[in-house]
1. Mind listing whichever residues of the range 45-70 are among the small types (Gly, Ala, Ser) and within 12 Å of residue 27 (Cβ to Cβ)?
2. State which residue pairs qualify: first residue without any contact (Cβ under 8 Å) to a residue 60 or more places away in the chain and of a type in the set (Lys, Arg) and inside the range 26-44, second residue in a strand (DSSP E or B) and open to solvent by 50 Å² or more (accessible area, probe 1.4 Å) in any location, beta carbons under 7 Å apart, and separation of 6 or more residues or different chains.
3. Restricting the search to the range 49-75, which residues are among the polar types (S, T, N, Q) and on the phi > 0 side of the Ramachandran plot?
Amino acid sequence: TPSTPVSSIDNGGNNVKGWSYARTIYIASTPDSQYKIIDLQGRTIATSTTKSSLEQIPFAKSGVFVVIINGKSYKLAL
């Protein structure tokens, strides 16, 4: 379910969690956290700043993506 994180990282004391569900990437973090999403070929798919404590990023593509947020990275499958 979307409420169950499949990946999580500790961002300098601020807990950051990410998960995917139904072609959407969810990022739970503090607002104003910088993030970038890249594919496995190193191409940048999206880059932005979180606007709330739960960011929802819909994707038209499926595959494995790497989410980089505030200097930490983890991968999610869509």
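1. Once the filter is applied, which keeps residues that are among the small types (Gly, Ala, Ser) and within 12 Å of residue 27 (Cβ to Cβ), the range 45-70 yields 46, 48, 52, 53.
2. Final answer for the pair search is 36/44; 36/47; 36/68.
3. 70
The values are calculated or read from the model by the stated rules, or taken from the named source; none is laboratory data. Everything numeric in this text was worked out from a predicted model, so none of it was measured. In this analysis, Cβ positions are derived from the backbone assuming ideal geometry, glycine residues included, and neighbour counts consider all displayed protein chains. Areas reflect the complete protein model, heavy atoms only, side chains present, ligands, DNA and RNA absent. Shrake-Rupley method; radii C 1.70, N 1.55, O 1.52, S 1.80 Å.
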